[in-house]
Amino acid sequence: MFSFLRSVKERDPAARSYLQIILFYPGVKAIFWYRIAHFLYKIKLKLLAECIMYFVRMVHGIEIHPAANIGKRLFIDHGMGVVIGETAVIGDDCTMYHGATLGGTGKEHCKRHPTVGNNVMIGAGAKVLGNISIGDNAKIGANAVVTRDVPAGATVVGTTGRIIIRD
Amino acid sequence: MFSFLRSVKERDPAARSYLQIILFYPGVKAIFWYRIAHFLYKIKLKLLAECIMYFVRMVHGIEIHPAANIGKRLFIDHGMGVVIGETAVIGDDCTMYHGATLGGTGKEHCKRHPTVGNNVMIGAGAKVLGNISIGDNAKIGANAVVTRDVPAGATVVGTTGRIIIRD
Amino acid sequence: MFSFLRSVKERDPAARSYLQIILFYPGVKAIFWYRIAHFLYKIKLKLLAECIMYFVRMVHGIEIHPAANIGKRLFIDHGMGVVIGETAVIGDDCTMYHGATLGGTGKEHCKRHPTVGNNVMIGAGAKVLGNISIGDNAKIGANAVVTRDVPAGATVVGTTGRIIIRD
């Protein structure tokens, strides 16, 4: 637990103290409750687990399916609009920003959400969709849409906005 | 009402039971309250209608203007950040994901939001803007920006992220 | 204060009355609380300031760091998922839509968020990242990703969705 708080402090330049992180970081609270809900889901208390994550989404704006498998020290920064699907798998030390989604394409069954390696960064608004693999240390840029495997160490970017009119 | 719940269960592989859908699906609750607010808006209880939808947005993160016209069985999945504007029109059996927006461009007056046909899918984060038409059975991909008419049956995609660096 | 409400009414065609704007506009409430939190932050009551903005995010879905510098009459429309970072600077009369982000790239320290001029419009879902400048009267389109300076008066667009399949 403490290694998680320390890693958040290292990853967020706006973090001032552990007290502040514990009190006011929605992504830290969401993961805390996910750990409890995930345990309850595994021992078949599914409705209770879903109830907890329903309230987490209501209060913090972060939606994590209690059946998802999430490794150590996932830091969800800002977090509003994050969605992590039922069959998503996430490794250790990953970072996700607000609006980042590990979702489905609607074309697959059973395992239909991404498998994400260790130390992966998923930028704000990025949509990672389908039963694909994101390799260790990969970085997904803001608003990028990813529907194919990404090799370890790769950086994926969407299109940068271009200037079309000047005064 | 029951046909709506059944259609949600068919459309979402993570749905386990009707009880779960009624209790924990924000998009189902938002549409329930929208139906009431839309009725109140039409009989000129506008401030009350807006009050209801204000609280729906606060609790569920889904913003629907009470004057919007929405057909049967709209399923808003996940839903955080969805915006449906005042003059938007939506047909039957449509599906919208979180962050999907039926908004304006700021250049039009009166009818300034999209008209969406039947059985249309609007992906996560997609922004459909202006007084345009989206034809029946069209699919709008995640994060796509749409500012022109889309013919029936068409699929619209934004740009897929591309890999720019590998280890 | 009144000039702010009047400017909101002018900018939003869906606004019917000042009463409605005061009661039901999340972006108006968020800015009201930000002004108080920003004052508290400057007199070193940082934890209290962060607490206020934590609750604003929880209730309204809008995240503004209390240390950010925001000019007069910023109108945040819809607002769910907006993030304004610690070292962001915003001029007067700007408009931001839901999901718009003034964030960091993770590569910079100290001043690591954008500086935005006067009368700038930032569209829904747009991500403006890094210590860059956005000139007066610029417009950033929906879902655009901006990581370089934008000159005054320019319009920046992301990629418009393209049709890939027709019936």
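A few notes on this one:
- Counting only other chain Cβ atoms within 10 Å of each residue's Cβ, the peptide C:118-131 averages 4.
- Among the helices of chain B, those built from whole DSSP H runs whose Cα atoms reach 18 Å or more along their own axis and whose mean Kyte-Doolittle hydropathy is at least -0.5 are B:26-42, B:46-60.
- Net charge in the neighbourhood of residue A:95 (other residues with Cβ under 10 Å of its Cβ; Lys, Arg +1, Asp, Glu -1) is 0.
- By accessible area with a 1.4 Å probe, ligands and nucleic acids excluded, highest first: order of C:40, A:19: A:19, C:40
- In a reduced charge model with +1 at each Lys and Arg Cβ and -1 at each Asp and Glu Cβ, chain C shows a dipole moment near 180 debye about its Cα centre.
- Residue C:17 accessible area, 1.4 Å probe, all protein chains in place, Å² to nearest 10: 40
- Shielding of peptide C:54-64 by partners, expressed as the average count of other chain Cβ atoms within 10 Å per residue Cβ, is 4.
- Residue B:84 long-range amide H proximity, modeled H, under 5 Å: B:63, B:64, B:65, B:102
- Counting protein heavy atoms only, segment A:1-96 has 66 percent of its accessible area on carbon and sulfur, 1.4 angstrom probe.
- The protein assembly as shown - Rg (one decimal) and Dmax (whole number), Cα, Å: 21.0, 63
- Overall size of segment C:52-116 from C-alpha positions, given as principal axis extents largest first: 30, 25, 20 Å.
- Each Cα pair under 8 Å and six or more residues apart adds its sequence gap; the mean of these over the residue count of segment A:47-87 is a relative contact order of 41 percent.
- Cβ neighbours within 10 Å from other chains - mean over A:8-21: 2
- Put simply, the C-alpha atoms of segment B:92-136 give a gyration tensor, and the ellipsoid matching it has half-axes of 19, 13, 6 Å, longest first.
- For segment A:107-156, the share of accessible area belonging to carbon and sulfur comes to 50 percent (1.4 Å probe, ligands and nucleic acids excluded).
- Plainly put, the tip 7 Å out from Cα toward Cβ on residue B:39 is 4.5, 4.5 nm from that tip on each other copy, the closest given first.
- The phi torsions of segment C:83-88, fed into the Karplus equation with coefficients 6.51, -1.76 and 1.60 and a -60° offset, translate into couplings of 10, 10, x, 4, 9, 6 Hz, rounded to whole numbers, with Gly and Pro shown as x.
- In this structure segment A:78-167 gives 38 Å² per residue of accessible area when probed at 1.4 Å with all protein chains present.
- Distances between equivalent label points of residue C:15 across the copies, with each point positioned 7 Å along Cα→Cβ, amount to 3.9, 3.9 nm, shortest listed first.
- Taking 7 Å steps out from each Cα toward its Cβ at residue B:107 and residue B:36 produces label points 4.0 nm apart.
- Area of residue A:110 that stays accessible when all protein chains are in place (1.4 Å probe, Å², to 10): 110
- Buried surface between chains A and C: roughly 2600 Å² of accessible area, summed over both sides, computed with a 1.4 Å probe on protein heavy atoms only.
- Accessible surface of residue C:33, taken over heavy atoms with a 1.4 Å probe and every protein chain present, rounds to 110 Å².
- Between the alpha-carbon centres of segment C:97-114 and segment A:124-166 there is a gap of 18 Å.
- Distances between placed amide hydrogens fall under 5 Å for residue B:76 paired with B:96, all partners being 5 or more residues away or on another chain.
- Surrounding net charge for residue A:125, when Lys and Arg each add one and Asp and Glu each subtract one, Cβ distance under 12 Å: +3
- 7 Å along Cα→Cβ, label-point gaps from residue B:1 to other copies, nm, shortest first: 4.3, 4.3
- Charge context of residue A:74, other residues only, Cβ under 10 angstrom, K/R +1, D/E -1: 0
- Here's how it looks for residue A:132: its modeled amide H is under 5 Å from those of A:115, which are all 5 or more places away or on a different chain.
- Computed over chain A, Kirkwood Rh from alpha-carbon pairs, angstrom: 16.3
- Most to least accessible of B:112, A:162 (protein chains only, probe 1.4 Å): A:162, B:112
- Spin-label model distance (nm) - residue C:45 vs residue B:17, 7 Å beyond Cα toward Cβ: 4.9
- Here the gap between residue A:72 and residue A:164, fully extended at 0.36 nm per residue and compared with their Cα-Cα distance, gives a gain of 28.7 nm.
- Using the Karplus relation 6.51 cos²θ - 1.76 cosθ + 1.60 with θ = phi - 60°, the per-residue 3J(HN,Hα) values for segment C:102-115 come to 10, x, x, 9, x, 9, 10, 10, 6, 6, 10, 10, x, 10 Hz, with x marking Gly and Pro.
- Take every pair of alpha-carbon atoms less than 8 Å apart whose residues are at least six positions apart; their mean separation over the length of chain C yields a relative contact order of 12 percent.
The values are calculated or read from the model by the stated rules, or taken from the named source; none is laboratory data. Because the structure is predicted, anything quoted here is derived from the model rather than measured. Backbone-built Cβ (ideal geometry, glycine too); neighbour counts: all protein chains shown. In case anyone asks, the SASA skips ligands and DNA or RNA and just uses the protein heavy atoms, side chains included. Shrake-Rupley method; radii C 1.70, N 1.55, O 1.52, S 1.80 Å.
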